[in-house]
1. At pLDDT below 90 and charged (D, E, K, R), is that true of Glu82?
2. Of everything in region 6-18, what is touching a residue at least 40 places away in the same chain (Cβ under 8 Å) and surrounded by fewer than 16 Cβ atoms within 10 Å (Cβ to Cβ)? Give them in sequence order.
3. If I ask for residues that are acidic (Asp, Glu) and either in a helix (DSSP H, G or I) or not assigned by TED's automatic domain parsing to the domain that holds Ala51 (or both), which ones from region 13-36 would you list?
4. When you look at Lys68, is it closer than 19 Å to Asp2 by Cβ and surrounded by 11 or more Cβ atoms within 10 Å (Cβ to Cβ), yes or no?
5. Do we have Leu39 as touching a residue at least 12 places away in the same chain (Cβ under 8 Å) and out of contact with any Cys (no Cβ under 8 Å at 6 or more places or on another chain) here?
6. Can you tell which of Leu50, Leu21, Leu61, Leu25 is in contact with a Ser or Thr (Cβ under 7 Å, 6 or more places away or on another chain), surrounded by 13 or more Cβ atoms within 10 Å (Cβ to Cβ) and of a type in the set (A, V, I, L, M, F, W, C)?
Amino acid sequence: MDFSIRLKELRCDNDMSQTKLAEKLNLKASAISKYEKGLTQPSIETLEKLAKIYNVTIDYLVGISDIKNPYDKSKITPVEAEFVVKLRKLKFENRIRIDERMNTMIENQSRND
């Protein structure tokens, strides 16, 4: 999906007018209209501001990813966060072992379900 479509979807999903979004970005509403029509592209600075406004990544905005925000902490439980902290303390070789073991467990679980 390209940027123009993503921007309009995000803006509409958040019940925000082009004028309101333009105010937040210190732009004119016509700039937002041009972005949504694919006539112009925003600067990196504007992309960063849009990402913060909508709590998404720039990758999502420009269509590289379909994941709005893989770093959204609200979707990670405290136990999962603790697991990540422990994982990061491991040497690379041990991380590979953990990954292999988890994959095996998932495969076995799928067979038993």
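1. Against the criterion (at pLDDT below 90 and charged (D, E, K, R)), Glu82 qualifies.
2. Asn14
3. Within region 13-36, Asp13, Glu23, Glu36 qualify.
4. It is true that Lys68 is closer than 19 Å to Asp2 by Cβ and surrounded by 11 or more Cβ atoms within 10 Å (Cβ to Cβ).
5. Here the answer is no, as Leu39 does not meet what is asked.
6. Leu25
The values are calculated or read from the model by the stated rules, or taken from the named source; none is laboratory data. Since this is a predicted model, take the numbers as computed values, not measurements. Neighbour counts are summed over all protein chains in view; Cβ atoms, including those assigned to glycine, are modelled from backbone coordinates with ideal geometry.
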